[in-house]
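Take a look at the structure below.
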């Protein structure tokens with residue numbers, strides 16, 4: 001029983017461990033539209049690991065939220081976002097480069113108080129943000 005407990009604990013410790021490229025990089029925890037991510041940025045790459053429990057999420061909404069989280073933490077736009085529901089990696093596209101696929105602009109607003117442990121943002125899809133700005 002003791003051995004099984006140690007094995008279970010060892011497996012759980014690796015659930016939000018960064019990939020080899022991001023191992024020495026400290027994480028920034030951020031919440032976007034209800035999903036919480038640990039985001040690490042290294043040079044032109046960013047990694048977002050989802051740490052919030054969600055029942056059977058599809059990758060498309062998680063990809064969008066992970067891209068926004070990486071953009072908010074890095075200050076750059078994120079072009080392709082690849083990965084799965086738990087871990088996503090994005091290429092950073094800083095100002096002066098080609099057109100990004102995920103853009104933050106005015107689509108996000110902070111919804112957590114200033115001293116919150118995890119900053120939380122509510123972000124609208126690009127089409128909704130454009131409509132709300134036009135109104």
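The values are calculated or read from the model by the stated rules, or taken from the named source; none is laboratory data. These figures come from a predicted structure and were not determined experimentally. FYI the Cβ positions are ideal-geometry reconstructions off the backbone, even for glycines, and counts take in every protein chain you see.
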Of the candidates 67, 83, the one satisfying the condition of being surrounded by 10 or more Cβ atoms within 10 Å (Cβ to Cβ), more than 22 Å from residue 108 (Cα to Cα), touching a strand residue (DSSP E or B) at 6+ places or on another chain (Cβ under 8 Å) and at pLDDT 90 or above is 83
Check region 6-21 and report whether any residue there is modelled with pLDDT under 90 and touching a helix residue (DSSP H, G or I) at 6+ places or on another chain (Cβ under 6 Å). no
Is one or more of the residues making up region 93-108 crowded, with 16+ Cβ neighbours inside 10 Å, in a strand (DSSP E or B) and modelled with pLDDT under 75? yes
Assuming residue 90 fulfils every condition listed in (1) outside any loop (DSSP other than H, G, I, E, B); (2) modelled with pLDDT of 75 or more; (3) surrounded by fewer than 11 Cβ atoms within 10 Å (Cβ to Cβ) apart from one, which condition is it? (3)
Inside region 43-60, can you point out the residues that are surrounded by 15 or more Cβ atoms within 10 Å (Cβ to Cβ) and either more than 11 Å from the chain's Cα centre (by Cα) or in a strand (DSSP E or B) (or both)? 45, 46, 47, 48, 49, 50, 57, 59
